[in-house]
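Input: a single structure, listed below in structure tokens.
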Amino acid sequence: MRSLCLIIVMLAGCTGWISPPLAETSVETSAEPSASPLRRLTRAELAASLTQAFAISPAALVEGLPEDITAERGNPFDNDYALQDVATAYVQSLTEFAERYGDLVASQPARVDAIAGCRPTAADDAACLGAFVQRAGRLVLRRELAASDVALFLALIDEARAANDYYVGIAAVVQALVQHPETIFRFEIGEPARLGERDAFLLGDFEVASRLAFLVWGAAPDEALLDVAASGGLADPGVRRGEAQRLYDSPQARAHWRRFHAQWLGYADRLPDQLVADLTLETDTVVDAVTHDEPTLAWFDLFTLDRSYLTPALAAHYGMAPTATATWVRYSGGRGGGVLAHGMFLQQGAKFGDTSPTLRGYRILKRVLCGELGALPTSVDTDVPPAGTSPSDCKEERYTMRATPACATCHMVTDGIGFGLENFSATGAWREVETNNPACAIDGAGDVLGESYSGPAELGAIIAASEDALACGARQLFRFASGRTERDADEDGIAAIAELVAQRASFRQVLMTLIESPMFNYRTE
């Protein structure tokens, strides 16, 4: 196991690619493929891939690995290769994780035997262990195993023989598979090719299968997709689309795209203390409606949907008409605005026992509009609430940064957005007065992109019609799909995605168009 970990550490330092000396092919096109850096699987991707291979979830074991990092400024997703540290702490925790997961798999002999398709006749049953290696290894390494691969893992039968226990050998094989560099990293190398006047690389079928599977459902390819890759079928855009549709219709893909939207819009892992299950159910159900359940919905209806899925407790919390069971309810008044009206989204920026218009506005600016602000002055202490001139001052009087010359440039943007949502508490409840100062009435007036608005419904309408927001959604999808922030060469591709969104394409249509693109099978340096 230790030698495999050392290989991982060495690979983590690679900044380029070692391309095999294969014959060049030529493709006539003016499109620009994307650069594809070496990416490590996230905890969620690793857990999903192992669960798929062994039908045994790592569950809490994966929490022992270092937490995947997201960037507040820039790429908000946990799969950004630039933030994926593979230092000693990661290697050590991976070793421990592999050992514990190997023991967990070995403790379920019925499942092990089902994978191998045989029951061992002795502790050193090489034929049965070899069958396990072939099938499990293909799923975990995401390719066919060569005879040398099988021999490498089969050598671990010595541990089974020494312990006089076949399943000790299984545990050792699983430990080795989990720590293998091709398990932990996504290698995309390919063969040298020409794209018009540019050098590029045509990915192999198993590399395309991995790219497709991790994009569509956040895990390694299943056996069916690997079979298609083995047949060479993934060069056909129609075949890729068919396989993508199959994976996309799985419960696993639903969870994957819920995670994408949560990380994009910033409500991931920031649950409020109350109504956690109800708020989560509401947002997950609305995201599912947009991504999977209602084909007539466009992707950016996420911001304009005039109805939501409420439990009785959540309906009461929002001040909506009572419901007897969890059900779809049409919004009334100014609530609307799709997920912008959800407590899951609105709880962002809660600070000092109340909402913060500045932080709410900043979140929307960064996540929904991809806006940029200058660095925060070092003299500003963000842990001290705006004081005002007296304790009875209303929030509009205390948040004076828009009138302060040194602060106005940023706060005119962030606070203008945030104040338009002030009628909604940190968990989405309607309010007419400030939570901590009932003497202060809330007018709910805000502005964004040069337009005045009040409440999520008006904000959502502005966002859905905004070229800035459409381009931002395309940019965020690109970042998630490629595992990195964009470069100049990526802008044409991002603009093409934004055009699809502007044409009211569904999320499924956007995703399938990307997968059918000729560029899906290529990478650049």
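With respect to the conditions (1) open to solvent by 60 Å² or more (accessible area, probe 1.4 Å); (2) farther than 30 Å from MET320 by Cα; (3) outside any loop (DSSP other than H, G, I, E, B), ASP383 lacks only one, and its number is (3).
Kindly indicate the residue of the stretch 387-407 that is of a type outside the set (Val, Ile, Thr), at pLDDT 80 or above and outside any helix (DSSP H, G or I) and also surrounded by the most Cβ atoms within 10 Å (Cβ to Cβ) among those meeting that condition. It comes out as TYR399.
When only residues in the stretch 51-78 that are outside any loop (DSSP other than H, G, I, E, B) and touching a Ser or Thr at 6+ places or on another chain (Cβ under 8 Å) count, which is surrounded by the most Cβ atoms within 10 Å (Cβ to Cβ)?
Step one: filter the stretch 51-78 for residues outside any loop (DSSP other than H, G, I, E, B), giving 51-54, 59-64.
Restricting the remaining residues to those that are touching a Ser or Thr at 6+ places or on another chain (Cβ under 8 Å) gives 51, 64.
On the way: THR51: 16, GLY64: 13.
So the residue we want is THR51.
Just to be sure I understand, how many residues within the stretch 122-151 are free of Cβ contacts under 8 Å to residues at least 12 places away in the same chain and assigned to a helix (DSSP H, G or I)? Quick ask: steps written out before the conclusion?
Step one: filter the stretch 122-151 for residues free of Cβ contacts under 8 Å to residues at least 12 places away in the same chain, giving 127, 146-148, 151.
Restricting the remaining residues to those that are assigned to a helix (DSSP H, G or I) gives 127, 147-148, 151.
Adding up the residues that qualify gives 4.
Taking the stretch 186-208 as the range and being in a helix (DSSP H, G or I) and free of Cβ contacts under 8 Å to residues at least 40 places away in the same chain as the test, the residues that pass are ASP205, GLU207.
Just one residue in the set THR280, THR296 is out of contact with any His (no Cβ under 7 Å at 6 or more places or on another chain), of a type in the set (Val, Ile, Thr), more than 27 Å from ALA55 (Cα to Cα) and open to solvent by 10 Å² or more (accessible area, probe 1.4 Å); that residue is THR296.
Hey, could you check the stretch 347-369 for residues that are in a helix (DSSP H, G or I) and basic (Lys, Arg) and say which is farthest from THR382 (Cα to Cα)? In this case the residue turns out to be ARG367.
Test ARG119 against the stated conditions and say whether it is more than 13 Å from GLY169 (Cα to Cα) and within 30 Å of the chain's Cα centre (by Cα). Quick ask: steps written out before the conclusion?
Working: more than 13 Å from GLY169 (Cα to Cα): yes; within 30 Å of the chain's Cα centre (by Cα): no.
In short, no.
Taking residues in the stretch 497-510 that are farther than 20 Å from SER482 by Cβ and in contact (Cβ under 8 Å) with a residue 24 or more places away in the chain, and partners anywhere that are open to solvent by less than 90 Å² (accessible area, probe 1.4 Å) and in a helix (DSSP H, G or I), the pairs with Cβ atoms closer than 6 Å and at least 6 places apart or on different chains are ALA502/LEU470. Note on the stretch 79-121: residues that are outside any helix (DSSP H, G or I) and either free of Cβ contacts under 8 Å to residues at least 40 places away in the same chain or open to solvent by 20 Å² or more (accessible area, probe 1.4 Å) (or both) amount to 10. With respect to (1) over 23 Å from GLY420 (Cα atoms); (2) of a type in the set (Phe, Trp, Tyr); (3) open to solvent by 10 Å² or more (accessible area, probe 1.4 Å), the lone exception for TYR331 is condition (1). Take ALA224 and tell me if it is open to solvent by less than 10 Å² (accessible area, probe 1.4 Å), of a type in the set (A, V, I, L, M, F, W, C) and on the phi < 0 side of the Ramachandran plot. The answer is no for ALA224. With a requirement of 1 or more residues that are in contact with a Gly (Cβ under 6 Å, 6 or more places away or on another chain), the helices (runs of 4 or more DSSP H) lying completely within the stretch 209-284 that satisfy it span 237-248, 251-265.
Residues to consider are VAL216, VAL208, VAL178, VAL168; find the one that is farther than 23 Å from ASP249 by Cβ and open to solvent by less than 20 Å² (accessible area, probe 1.4 Å). Break it down stepwise before answering.
Numbers: VAL216 fails: farther than 23 Å from ASP249 by Cβ; VAL208 fails: farther than 23 Å from ASP249 by Cβ; VAL168 fails: open to solvent by less than 20 Å² (accessible area, probe 1.4 Å).
After applying the criteria, what remains is VAL178.
From GLU451, GLU434, GLU458, grab the single residue that is at pLDDT below 95 and within 21 Å of LEU340 (Cβ to Cβ).
Values: GLU451 fails: at pLDDT below 95; GLU458 fails: at pLDDT below 95.
Exactly one of GLU451, GLU434, GLU458 is at pLDDT below 95 and within 21 Å of LEU340 (Cβ to Cβ), namely GLU434.
The set of residues from the stretch 203-216 being closer than 12 Å to ILE515 by Cβ and either out of contact with any strand residue (DSSP E or B) (no Cβ under 9 Å at 6 or more places or on another chain) or at pLDDT below 95 (or both) comprises VAL208, ALA209, LEU212, ALA213, LEU215, VAL216. Pairing residues of the stretch 317-344 that are of a type in the set (Lys, Arg) with residues that are open to solvent by less than 20 Å² (accessible area, probe 1.4 Å) and in a loop (DSSP other than H, G, I, E, B), at Cβ distances under 9 Å and at least 6 apart in sequence or on separate chains, gives ARG335/GLY428.
What tally of residues in the stretch 457-494 results from selecting those that are open to solvent by 50 Å² or more (accessible area, probe 1.4 Å) and either over 22 Å from the mean Cα position of the chain (by Cα) or not β-branched (Val, Ile, Thr) (or both)?
Let us first name the residues in the stretch 457-494 that are open to solvent by 50 Å² or more (accessible area, probe 1.4 Å), namely 458, 461, 465, 467-468, 485, 487-489, 491-492.
This time we only want the ones that are either over 22 Å from the mean Cα position of the chain (by Cα) or not β-branched (Val, Ile, Thr) (or both), so: 458, 461, 465, 467-468, 487-489, 491-492.
Residues in the stretch 457-494 being open to solvent by 50 Å² or more (accessible area, probe 1.4 Å) and either over 22 Å from the mean Cα position of the chain (by Cα) or not β-branched (Val, Ile, Thr) (or both): 10 in total.
The values are calculated or read from the model by the stated rules, or taken from the named source; none is laboratory data. Quick caveat, the model's predicted, so the values are computed rather than measured. All Cβ positions, even for glycine, are placed from backbone atoms using ideal geometry, and neighbour counts span all protein chains on display. Heads up: the accessible areas ignore ligands, DNA and RNA and are worked out on the full protein's heavy atoms, side chains in. Shrake-Rupley method; radii C 1.70, N 1.55, O 1.52, S 1.80 Å.
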